[in-house]
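The values are calculated or read from the model by the stated rules, or taken from the named source; none is laboratory data. All of these numbers come straight from a predicted model, not from anything done at the bench. When we count neighbours, we look across all protein chains shown, and the Cβ atoms used for this are built from the backbone with ideal geometry, even at glycine.
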Amino acid sequence: MPTTSAIALAASLLLAAPAADYVALPGGRFLSALPADAKAEAVTVAPFRLRSEPVTNAEFLAFVRTHPQWRRDRVARLFAEPRYLAHWQAADALGPDAPPQQPVTQVSWFAAKAYCESEGARLPTWYEWEFAAAADATRADARKDPAWRERILGWYAHPSTAPLAAIGGEADVYGVRDLHGLIWEWVDDFNSLLVSADSRDQNDPDRLKFCGAGALSLRDTENYAVLMRVAMLSSLKAADTTVNLGFRCAKPADAENK
Amino acid sequence: MKSALFALAAVAAAAVPLHGHADAAAAAKNPSYVHGDFGPPRGDPIHAVLTAPPHVPAPTMRNYPAKVIVELEVIEKEMPISEGVTYTFWTFGGTVPGSFIRVRQGDTVEFHLRNNPNNKMPHNIDLHGVTGPGGGAASSFTAPGHESQFTFKALNEGLYVYHCATAPVGMHVANGMYGLLLVEPPQGLTPVDHEYYVMQGDFYTTGKYREKGHQPFDMEAAIAEKPTYVVFNGAEGALTGDKALTAKTGETVRLFVGNGGPNLVSSFHVIGEIFDRVQYEGGTHVQENVQTTLIPAGGAAIVEFHTEVPGSYVLVDHSIFRAFNKGALAILKVDGPEDKSIYSGKEVDSVYLGERANPNLAAVTQATKAAASGKLTKEEQIKAGQQLFTGTCSVCHQANGEGLPGVFPPLAKSDFIAADPKRPVQILLRGLTGKVTVNGKDYNSVMPPMSQLNDDEIANILTFVLNSWGNPGGRIEAEDVAKVRAEKPATPAAGH
């Protein structure tokens, strides 16, 4: 007679997608839309590895089965608001509104962080995410291309009334998929995006929150695609969830790709 | 509605002045008195009734400061911007412009901003009627599926724009995130028959004007400030046809007009009306008798006018290509009886000749009327003919009929006319080319046919000529002209 825990283990192994694929990104000097301080022209991003695809519903289901403290009916309210995983049919079942290969959304920053740790990884930093997201299929930095911007803005131009697509969009020059056009993604330091080292604005923490303020602190005010990411992340608290917000994980460059 | 409005207004008018004096007295006594702060809210909290454009909430009819709860939801949705063209609007309350908010000066407003869970974007609100950092924006930054609350006191009366101020601000505004907040003065506004809510905005799409299908936001065009659409109330045709604003003759109409921008300034004008009163810039000063009022982006105006005669009055941005090529047109349809003493409609449709505009053509009008009734006299013909001659003939033949030696033959004491007084009829109808001899002098020139003149006019002109400057007299009648006009044209040489 197998024990219940053995059944659970077997179930989680069956449900788990093939081990997540992490790809190497070279890092380097990078012109962020949010300069670290007014004097630094570029930030340095260390080489790192990034999950090629966002975490899916199937993967997150396997996680909550092995880490039941992250089930929606058991999670501490401090770590996730009431809408956490609310689109799932049950605390441990996906159901029709959460297809397995769709990116998991309605997850809090705490939950995303815990998931990444379970994969021996962490959430990417904003600069890492921005570095990766600057690429397209042929270029490491496509941000100056109006067509690239237009395509990304196209996603924003549609309300999210239709179901999310599955993961597996076009790979960029590094082999990373779905950084644009599918979901918003948590980053590790999302809540520090508003902190400024710019002495001219006296560290006004509200500078992105109202009219005109954003334009003062952003280097690249025409890059609406990046600007909207920053605005979105800035609006969140770590326990918040939204129907379009998911995540992927990152690892140091020397980490083994498992 | 009108009578109810007046009845309520009467109550308010009776009650309010006392309070208004109390406010003024407090201001005079206490130099630290804050303008528009009438103390803490009184009575039960009131849930503000918000309205979708073009409707305006009823007057507050209050004479005390209250706590007013405003609940506004942000909804991102696809809607038509023109026929067969859709656009993803970001809205306050599901409409562009957003819901109209009406409070009274001194009210304490508890504001709830909800961001619909299906939205993709975070949003906030900057109300220009708020005194405080960001106009509320910093306190209302809200992720999808969340709600923010903040409270402000409406210290200043006036008509104020509100808008989203989340980065990228321009894009949020360009997608329709603006509306109007009216802070009534303590005594309320004068009652009128109709109040309407109209707001202009410019829109930027990747497709051309009226290109069918779903059109995405064009960031480059927005930065270049070259809109594809300039419209009232969020879409071309939002206020035309069945959706036109309506009024009856003899009514007073008040328009709360805002301009959301994001880029363009509006030259707001109503074709066929004169604004009796304009609270320009939405402030307290009133300008009267205004044709066109300038409404800045992020600004507003209250315009009022009285309707006199029926018809369709067209609201436009008088930067007129926007009206006819980008959509900035709306209609106010006024029904009721005609008043010909104010406006006649078309009375006369006649040929207009530029150089004839100068002389007084009263005699011509008189002759036309007399001819129509069959009682035209020779004297009337001469008078009318003189005026027509001044406009049409005197340029060449001169006012005194002497012509110009060697170029234009004289009509005065003309042996050419005396020889055949009917000959000039043919000349006026067909023209005259080549050599003629008049009073012993040769002229070799061209007179074109006066084909713009009708039979009456030719008869009058020639009767005037025959009875002037020593010519033999006589009369040419319209039938004489008609007869010649009906004849086959003679060969060019036949007249000479």
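Among B:Asp218, B:Asp193, which is the only one that is in contact with a helix residue (DSSP H, G or I) (Cβ under 6 Å, 6 or more places away or on another chain) and of a type in the set (D, E, K, R)? If you could, list the steps in order and put the result at the bottom.
Working: B:Asp218 fails: in contact with a helix residue (DSSP H, G or I) (Cβ under 6 Å, 6 or more places away or on another chain).
Matching residue, one of B:Asp218, B:Asp193: B:Asp193.
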Q: Kindly indicate which of A:Ser192, A:Ser196 is touching a Phe, Trp or Tyr at 6+ places or on another chain (Cβ under 9 Å), at pLDDT below 75 and within 14 Å of A:Val230 (Cα to Cα).
A: A:Ser192
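Looking at the structure I just gave you, is B:Gln426 surrounded by 15 or more Cβ atoms within 10 Å (Cβ to Cβ), outside any loop (DSSP other than H, G, I, E, B), of a type in the set (S, T, N, Q) and in contact (Cβ under 8 Å) with a residue 60 or more places away in the chain?
Working: surrounded by 15 or more Cβ atoms within 10 Å (Cβ to Cβ): yes; outside any loop (DSSP other than H, G, I, E, B): yes; of a type in the set (S, T, N, Q): yes; in contact (Cβ under 8 Å) with a residue 60 or more places away in the chain: yes.
Taking the combined requirement at face value, the residue satisfies it.
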Q) What single numbered condition from (1) more than 26 Å from A:Thr105 (Cβ to Cβ); (2) away from chain B (no Cβ under 12 Å); (3) buried (at least 18 other Cβ atoms within 10 Å of the Cβ); (4) at pLDDT 50 or above fails to hold for A:Glu256? A) (3)
Q. What number of residues in region A:114-164 are under 18 Å from the mean Cα position of the chain (by Cα), over 20 Å from A:Leu233 (Cβ atoms) and within 14 Å of another protein chain (Cβ to nearest Cβ)?
A. 0
Q: Take region B:182-237 and flag every residue that is in a strand (DSSP E or B), small (Gly, Ala, Ser) and within 14 Å of chain A (Cβ to nearest Cβ).
A: B:Gly213
Q. Can you find a residue in region B:279-298 that is touching a residue at least 12 places away in the same chain (Cβ under 8 Å), farther than 23 Å from B:Gly158 by Cβ and of a type in the set (Ser, Thr, Tyr)?
A. no
Q) Among (1) at positive phi; (2) surrounded by fewer than 18 Cβ atoms within 10 Å (Cβ to Cβ); (3) not basic (Lys, Arg), which single condition is B:Gly401 missing? A) (2)
**Q.** Members of region A:64-104 found to be surrounded by fewer than 19 Cβ atoms within 10 Å (Cβ to Cβ), outside any helix (DSSP H, G or I) and polar (S, T, N, Q), listed by number
**A.** A:Gln89, A:Gln101
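For every residue, the table says whether it meets (1) farther than 20 Å from B:Gln398 by Cβ; (2) touching a helix residue (DSSP H, G or I) at 6+ places or on another chain (Cβ under 8 Å).
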{"residue": "B:Ser414", "(1), (2)": "no, no"}
{"residue": "B:Ala419", "(1), (2)": "yes, no"}
{"residue": "B:Lys422", "(1), (2)": "yes, yes"}
{"residue": "B:Thr437", "(1), (2)": "no, yes"}
{"residue": "B:Pro449", "(1), (2)": "yes, yes"}
{"residue": "B:Thr463", "(1), (2)": "no, yes"}
{"residue": "B:Asn467", "(1), (2)": "no, yes"}
{"residue": "B:Arg475", "(1), (2)": "yes, yes"}
Q: Using the structure shown, decide if B:Ala167 is more than 28 Å from the chain's Cα centre (by Cα) and at pLDDT below 95.
A: yes
(Q) If I ask for residues that are surrounded by fewer than 23 Cβ atoms within 10 Å (Cβ to Cβ) and more than 26 Å from B:Gly36 (Cα to Cα), which ones from region B:97-119 would you list? (A) B:Arg114, B:Asn116, B:Pro117, B:Asn118
**Q.** Matching residues, region B:110-149, being modelled with pLDDT under 95 and of a type in the set (Phe, Trp, Tyr)
**A.** B:Phe141
Q. So which residues in region A:224-250 are part of a loop (DSSP other than H, G, I, E, B), touching a residue at least 12 places away in the same chain (Cβ under 8 Å) and at the interface with another protein chain (Cβ under 9 Å from one of its Cβ atoms)?
A. A:Leu236, A:Lys237, A:Asp240, A:Thr241, A:Thr242, A:Val243, A:Asn244
Q.
Checking B:Lys435 against (1) over 17 Å from B:Asp480 (Cα atoms); (2) among the charged types (D, E, K, R); (3) surrounded by 15 or more Cβ atoms within 10 Å (Cβ to Cβ): exactly one of these is not met. Which one?
A. (3)
